[in-house]
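Visitor: Dumping the structure here so I can ask a few things about it.
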Amino acid sequence: MLSKILAKDPTEVLEAITAQTGATGADHMGVDRKLALTSPGFAEQALEALNDG
């Protein structure tokens, strides 16, 4: 499901991920790591999209 949302509107999804990452500064486990644990395929696609943009 997350991968479909990313494919449909990558800009909005990546902005949300970036905002969440900044909002969890005190968190010991970053959003990227949480995504990798809970949804590894989506995390990989999102990281690739971030690196491309």
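Visitor: For segment 31-53, give me each residue that is hydroxyl-bearing (Ser, Thr, Tyr) and open to solvent by 80 Å² or more (accessible area, probe 1.4 Å).
Guide: THR38, the sole residue that qualifies.
Visitor: Next up: Please count how many residues of segment 1-19 are open to solvent by 60 Å² or more (accessible area, probe 1.4 Å) and touching a helix residue (DSSP H, G or I) at 6+ places or on another chain (Cβ under 7 Å).
Guide: 2
The values are calculated or read from the model by the stated rules, or taken from the named source; none is laboratory data. All of these numbers come straight from a predicted model, not from anything done at the bench. Every residue, glycine among them, receives a Cβ derived from its backbone with ideal geometry; neighbour counts consider all protein chains shown. Heads up: the accessible areas ignore ligands, DNA and RNA and are worked out on the full protein's heavy atoms, side chains in. Shrake-Rupley method; radii C 1.70, N 1.55, O 1.52, S 1.80 Å.
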